[in-house]
Amino acid sequence: MPRPPSGEDADARFREARERFAGQQPLLEMSRDDDRPRVHREVLPAERSTARIEALRVLAYDHRARKLVNVSIPFWLLRLAPANKFSFLNDNGIDFDSDRVHLTLEDLERRGPGLILDQADRRGSQVLVWTE
């Protein structure tokens with residue numbers, strides 16, 4: 001039976017994933033005070049990116065449960081969602097709801113591949129969301 005990942009294992013996975021986004025501002029930031037989302041619309045280009053997005057990727061680590069989740073959602077599947085709204089990971093304590101954050105698939109496509117969210121909490125849990 002595989003052992004649950006340690007915090008050090010998770011940190012190494014996050015460091016490796018973050019390397020590709022060095023110097024890139026996330027499109028979305030969650031306030032540490034009240035968990036309110038802030039979309040950095042200033043990073044959205046005036047023109048839609050010509051780079052095609054193939055997937056939405058999520059790397060999440062719950063420190064208390066010692067659970068590491070690595071998810072890749074095909075972008076075509078997200079397009080099937082009603083009115084281009086999406087929500088995922090709510091049952092894992094990570095709330096990413098497009099209505100709450102006012103982020104659409106069109107916003108993600110306009111930005112093109114890149115960093116969406118890089119968040120850590122005081123308990124040591126982390127979530128990294130990006131498109132590629």
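None of the figures in this text is laboratory data; all of them are computed from the coordinates on show. Note that this is a predicted model, so its numbers are computed, not measured. With ideal geometry, Cβ positions are generated from the backbone for all residues, glycine too; neighbour counts draw on all protein chains shown.
Here are some notes:
- Packing rank of 37-47, 52-62, where each peptide gets the mean count of other beta carbons within 10 Å, highest leading: 52-62, 37-47
- The fewest-to-most ranking of 18, 48, 123 by surrounding Cβ atoms within 10 Å reads 123, 48, 18.
- Take each peptide in 63-74, 105-116, count the other Cβ atoms within 10 Å of every residue, and average; sorted highest first, the result is 105-116, 63-74.
- Calculated FRET value between residue 66 and residue 19, using beta carbons and R₀ = 30 Å, to 0.05: 0.80
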